[in-house]
1. What is the calculated FRET efficiency for A193 to A149, with r their C-beta to C-beta distance and R₀ = 41 Å, to the nearest 0.05?
2. With a 1.4 Å probe and every protein chain left in place, tell me how much accessible area K58 has, in Å² to the nearest 10.
3. Using a Förster distance of 30 Å, how high is the FRET efficiency between A89 and F118, based on the Cβ-Cβ distance and rounded to 0.05?
4. Short version: what are the Cα gyration tensor semi-axes of the chain, square root of 5 times each eigenvalue, largest first, in whole Å?
5. Please state the relative contact order of the chain as a whole percent: Cα pairs under 8 Å, 6+ residues apart?
6. Determine the gain in length on full extension of the stretch R164-L79; use 0.36 nm per residue of separation and subtract their C-alpha separation, reporting nm with one decimal.
7. Under a crude label model (7 Å from the Cα following the beta-carbon direction), how far is T25 from A131 in nanometres?
8. Give, as a single signed number, the net charge of other residues whose beta carbon lies under 11 Å from the beta carbon of A90, with Lys and Arg counted +1 and Asp and Glu -1.
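The values are calculated or read from the model by the stated rules, or taken from the named source; none is laboratory data. Just so you know, these numbers come straight off a predicted model, no measurement behind them. No Cβ is skipped: glycine too gets one built from the backbone with ideal geometry, and neighbour counts run over all protein chains shown. Surface areas here come from the heavy atoms of the whole protein model, side chains and all, with no ligands, DNA or RNA. Shrake-Rupley method; radii C 1.70, N 1.55, O 1.52, S 1.80 Å.
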Amino acid sequence: MTTTTGRRDRSTQAKRERIFAAASTLFAELGFQGTTTQAVSDRADIAAGTLFRYAATKAELLLMVYNTELRQAITAGRLAAESVADPAAAVFAAVRPVLVGSHRNPDNAIHYQRELLFGVEANPHRAEGLALVVELERVVSAILLRDIAEPAREQVELAARCSRIVFSALHLALAQPSTHTFPDKSPEAELRAQIAIIVAGFASTTGGMK
């Protein structure tokens, strides 16, 4: 790598870090609705045209910021689950950091979920976020299968389906504070109960597989 190329790469990384820091701060302070791309470029001290080379829209900026938060939550959940023996409790421990993190700013979390599910297909930040969802589902699958010495193909497939159901339950729990559905119920308690049902169903089904 030439000196010029190395300097350019360092400059690119520095700008990306400034953009990330600015967007993260503004989303935390003002929320998705109150944040503008102009405010991010001003806070990051870069030209608007430069910002658009890293993230063309406010939605892309949100994905950039919350992908990092999701990645950190997945890592924390995986580590927390390692010391939990009960499978249902371990699955809940694995996904709980995502739920807790989202409740710090439910409005931003809702917009992030919307972009993941319905955003622009060609957006690389969306693709990164969807890959993180797959990673979270694999963490759940691994927990479901960890007490099966040599899981059969059918068991692996069932674990994958159950992990997707767990993510669907998590998705609804994330949305609960913003949608005001079931205001008398705790999202954490509801998610824990739903996970217990899913894990019990998996155990019952795989126990009968030959």
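1. On the way: r = 29 Å, r/R0 = 0.71.
Efficiency computed from Cβ-Cβ geometry: 0.90.
2. Looks like 50 Å² after rounding.
3. Details: r = 33 Å, r/R0 = 1.09.
After rounding, the FRET efficiency stands at 0.35.
4. Each semi-axis is the square root of five times an eigenvalue, giving 37, 21, 13 Å.
5. Answer for the chain is 19 percent.
6. 28.6 nm
7. Roughly 2.9 nm, to one decimal.
8. 0
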